[in-house]
């Protein structure tokens, strides 16, 4: 009886349907731009350029960087550190680094979206991470704030803005475009690496939350989404590590000004090609043939139902064979 159970378990593993394995969803039509070398602190401008190009706006990272509202750089005045507010404008200059330039949050980004696509910017800040994934599953990319290389952030600097409010800055602030899901990973277009990256979903969600759960998308019609089986395991850039940095750390503010805005690459990469035109709007990646796509079940429930019927039809024969073999062995054993 034990051999029969073992054989049945093996058969179940072999015949697990593809729909129940790690599937992937990828929004097509989002270009990949590299912020370097021209925009060392311009991850937000570069990410927004990717998002706008998906939305049919043929715009470069430079166009977006120039369109962002700008605030003063962080500097020392009469012994006090003062500077812009990222909720109001870009702090400093996205073309510079190590001189008091930092970054920008969702408010000015939405304002910039409005200059290109009036009324189409949607603020997703404060929503659940599942809500962001749902948007991607339905065919739209999302610009999100996270950390460089998925490092753990910590409070690294504070200053007063022009209105006298305190601005707290958290280390490794970064912005990317969330474009897909693959198993336990999220797929992002990362301007820091200039590549499509796969990050551990739990780690990415934690870093997104640590940056204030900031996210924006476009109020445009979503495209078709095709769920596909990945051909190979994704390469993880980072996993959650117990040896990460503490939540808060005392840092010399002067050293922060000289190196805070971004962690520069050791070798700056060349800028990406010119962005695609409006024809790349809301098309979802599908590498399968149309005939196969038409036959694909629309929901996981339908997939399981179809698989179960197919499984019974295919698996009954080997199960019967195993059972008959066990019966024969029992007869031979009794005869002896």
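A few comments on the model shown:
- Between residue 98 and residue 138, the FRET efficiency from the beta-carbon distance, with R0 = 45 Å, is close to 0.65.
- Length released on extending from residue 155 to residue 209, taking residue separation times 0.36 nm less the Cα-Cα span: 18.0 nm
- Taking max minus min of the alpha-carbon positions on each principal axis, the range 32-165 gives extents of 52, 30, 29 Å, largest first.
- FRET efficiency for residue 184 and residue 66, using Cβ-Cβ distance with R0 set to 51 Å, rounded to 0.05: 0.85
FYI, it's all coordinate maths here, none of it is from the lab. Computed from a predicted structure; not experimentally measured. Cβ: placed from backbone, ideal geometry, glycine included. Neighbour counts: every protein chain shown.
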